[in-house]
Amino acid sequence: MITLGRKLGPRVEGLQYGGTITKQIKRLGASCDWSREHFTLDEQLSQAVVEAFVRLHEKGLIYQGSYMVNWSPTLQTAVSDLEVEYSEESGYLYYIKYRVAGSCFSSSIPQCFSTVMVSHPEKGLRSEFLTVATTRPETLFGDVALAVNPKDDRYSKYIGMMAIVPQTFGRHVPIIADKLVDKDFGTGVLKISPGHDHNDYLLARKLGLPILNVMNKDGTLNDVTGLYSGLDRFEGRKKLWAELEETGLAVKKEPHTLRVPRSQRGGEVIEPLVSKQWFVSMEPLAEKALQAVEKKELTIIPERFQKTMNVSTLPEIHQVRVCSSGGTYRLIRLLKTQWFFAIKGNSTRNAQPVLPVWYIAGKDNEEEYIVARNAKEALEKARMKYGKDVEIYQDPDVLDTWFSR
């Protein structure tokens, strides 16, 4: 019988809370073979986990890929969707001016693009700006485009032009049109920061826009932000706004109710971040499960949940395309965290199951890796591919029980 728990010490929570959960399940009438109950970290079970990982990888069902995750800067780990709690909190909506590059009163659009964007009233040129409303001004360093609704007459003349991102020493981004932009939110102009927003990430993937990350995994701003590098994300926000005010690019800051994602574990604000993770393709499993329900080989109790399973939950698993091969999958992420399965048993083992993945010393970790059952097998595979002098080292991350959509 498998139960869930956090690591409080060697088997402490597995014994204490695992036993409590087991008693609760027994009271519900579960007729399990309790003689087969084990502590998760027993050697035989750890070997089974490794074997399952290797077999799934050999079948192409487990693979590594970049995807946006809920990142916990304090815990230094991705957090499951189930472990993110949203709360309404008081915050601000920041209105920032973006200069339109090459804008002028000439009827020739190419001439506008070729004009150096400076204010020269005496030459008949005038600077134009688009005002963007955002709750996270510090992410503007990761902007890759400004987007407007194609039916918004206020901005139609700017579509296809370029805008200059503030505080980036003149970095230009395109002004594009997309029907998903809400004309009524803020000013109707949306900044696209796909490295730090789930919706922007999906839009960037759809439109083929680049993804720019401006955040280190500890929640500080990285070198992309220039002079702001090393600042905590919230301190960076304050400094940026103050300097935007000094340069005249800050329009206003008004109170706004925010829907803030916080970690269920520590309460800190979650950072949407594109990270290299391991994924499991669930399409084949979902298809079999759906067929079992449809053929009444599997009975859902209460019956009303069968409709949910048939209509929304499982069919949705087929609708997200995220793999490079072009297949359509719904992916389940194996979170690499410090949480684990706790199974009641007699083992005193304190080691956590680590990824059965080895990297090649001196090679790109994202491209060159070996999946094997143990270090000996990994070394043999590596020598066959890279020669007898190859050096390998194991991925230090651990497997977790939580799988999220």
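The values are calculated or read from the model by the stated rules, or taken from the named source; none is laboratory data. Here the structure is a predicted model, which means the values were calculated and not measured. As a convention, Cβ positions derive from the backbone with ideal geometry for all residues, glycine included, and neighbour counts pool all protein chains shown. The accessibility values were calculated without ligands, DNA or RNA, using every heavy atom of the protein model including side chains. Shrake-Rupley method; radii C 1.70, N 1.55, O 1.52, S 1.80 Å.
Here is how the numbers come out for the structure above:
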quantity	calculated
Radius of gyration and maximum dimension Dmax of region 124-196, Cα, Å	11.9, 39
Whole-Hz couplings from phi, Karplus 6.51/-1.76/1.60, listed for region 265-276; x for Gly and Pro	7, x, x, 6, 6, 6, 10, x, 8, 7, 9, 6
Nearest-10 value in Å² for the accessible area of TRP241, using the 1.4 Å probe	20
Area of ARG136 that stays accessible when all protein chains are in place (1.4 Å probe, Å², to 10)	50
Ranking by accessible area, most exposed first, for PHE53, PHE305 with a 1.4 Å probe	PHE305, PHE53
Inter-label distance, nm, simple model (7 Å from Cα along the C-beta direction), LYS252/VAL84	3.1
Listed peptides 274-280, 29-35 by packing density, highest first (mean Cβ within 10 Å)	274-280, 29-35
Per-peptide average of other Cβ atoms within 10 Å, ordering 166-177, 150-161 highest first	166-177, 150-161
Proximal lysines to LYS376, defined as alpha-carbon separation beneath 27 angstrom and excluding residues fewer than eight positions away on the same chain	LYS59, LYS276, LYS336, LYS363, LYS385, LYS388
Rounded to the nearest 10 Å², the accessible area of GLU51 at probe 1.4 Å	50
Cβ-defined net charge surrounding SER229, 13 Å radius [Lys, Arg +1; Asp, Glu -1]	-3
C-alpha center-to-center spacing [region 264-278, region 181-218] in angstrom	17
Per-pair calculated FRET efficiency, R0 = 60 Å: SER127 and GLU297 via Cβ, rounded to 0.05	0.30
